Amino acid sequence: MNNPPRVTVWNEYLHEKQNEDIALIYPQGMHAAIAAHLQQAGFPTRTATLEEPQHGLNENTLRETDVLLWWGHLAHEQVSDDVVERVYQRVVRDGMGLIVLHSAHFSRIFIRLMGTTCNLKWREAAEQEKIWTVAPGHPITRGLPECIQLEQTEMYGEHFDIPAPDQLVFISSFAGGEVFRSGCCFYRGRGKIFYFRPGHETYPIYHNPQVLQVIAN
Ligand code: ZN
C-alpha cells in the first residue's frame with residue numbers, strides 16, 4: 001500500500017482487566033489483538049484507552065489518525081464531552097474514518113453521529129451467527145466468502161434504531177431466528193463511518209481471521 005491509512009484502535013479496556021476469562025482471550029486487551037493484526041496488514045497502528053489522559057485521544061493523536069476504531073461497553077458515560085466533541089469534529093469536518101465495533105453502538109460518539117437511540121435486542125446464549133454479504137462489490141467485502149460463520153456469539157437483533165445506512169454491507173442471521181444489520185456504512189459531513197457488529201468480549205471474535213479481514217478492508 002502507498003500511504004496506508006494511519007489507524008488508532010480505541011478500547012475502554014475494562015473487561016479484560018476485571019474478568020479472568022476475558023483476560024485469557026485477550027491478555028493485552030482487545031485493542032492490542034486488533035492492532036497487531038492491522039499492523040501486520042501494513043497499517044501504521046497505535047492504540048488508545050479510556051484511562052489515558054484525554055482517553056489517549058489528544059489533538060495530535062487525532063490529527064495523525066486517518067481511521068479510528070472504537071470499542072466500548074461498560075463506560076460509555078465516562079468518555080468526556082471534550083473527547084466526544086473532538087472525535088466528532090475530526091470525523092465530520094476533517095473526514096476521519098470511524099469504525100464502530102459491537103457494543104459501541106451505545107457509545108456517545110456513535111449516538112451523536114446517528115442522532116437516534118441506537119437501541120437493539122440482545123441475548124447472550126453462545127449461538128451461531130451467519131454474517132451474509134449483501135453488497136458483494138463493496139471494498140469492505142474484498143476477499144471474503146458470501147457468508148462468514150461464527151459458532152458462538154452474542155445475538156443482536158432488530159429493531160436496531162439507527163438511521164437508514166447509506167450502504168448496508170452485511171446482514172446477520174442467528175440460530176434463534178433474529179436478523180440484524182451487522183455492517184452499515186454512513187456518511188456524516190466529510191467522514192465515513194462503518195458500524196460492524198461482531199465482537200462480544202467473552203468470545204474470541206477478534207482472533208477470527210475473517211472478522212479481522214473485514215476490519216482491515
Ligand atoms: Zn456484547
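Taken together, the criteria exclude S172 from residues that are hydroxyl-bearing (S, T, Y), within 23 Å of L50 (Cβ to Cβ) and touching a residue at least 12 places away in the same chain (Cβ under 8 Å).
Applying the set (1) surrounded by 14 or more Cβ atoms within 10 Å (Cβ to Cβ); (2) over 27 Å from P4 (Cα atoms) to L212 leaves exactly one unmet item: (2). Each residue in segment 182-207 was checked for being within 16 Å of the ligand (Cβ to nearest atom) and crowded, with 18+ Cβ neighbours inside 10 Å, and 11 of them qualify.
For segment 165-180, the set of residues classified as away from the ligand (no atom under 16 Å from the Cβ), within 11 Å of W132 (Cα to Cα) and either among the polar types (S, T, N, Q) or buried (at least 21 other Cβ atoms within 10 Å of the Cβ) (or both) consists of V169, F170, S173, listed by residue number. Among the conditions (1) in contact (Cβ under 8 Å) with a residue 40 or more places away in the chain; (2) more than 15 Å from the ligand (Cβ to nearest atom); (3) aliphatic (A, V, I, L, M), the only one that A126 does not satisfy is (2). Taking L144, is it surrounded by 14 or more Cβ atoms within 10 Å (Cβ to Cβ) and within 16 Å of the ligand (Cβ to nearest atom)? The answer is no for L144.
Across segment 147-164, the qualifying residues are those that are among the hydrophobic types (A, V, I, L, M, F, W, C), crowded, with 17+ Cβ neighbours inside 10 Å and under 19 Å from I215 (Cα atoms), and the one among them that is farthest from the ligand (Cβ to nearest atom) is I148. Here the strands (runs of 3 or more DSSP E) wholly within segment 1-118 that include at least 1 residues being among the charged types (D, E, K, R) and either within 16 Å of the ligand (Cβ to nearest atom) or within 20 Å of V214 (Cα to Cα) (or both) are 45-49.
Since every read-out is calculated from the coordinates, none of them should be taken as a lab result. Being a predicted model, the structure only gives us computed values, none of them experimental. With ideal geometry, Cβ positions are generated from the backbone for all residues, glycine too; neighbour counts draw on all protein chains shown.
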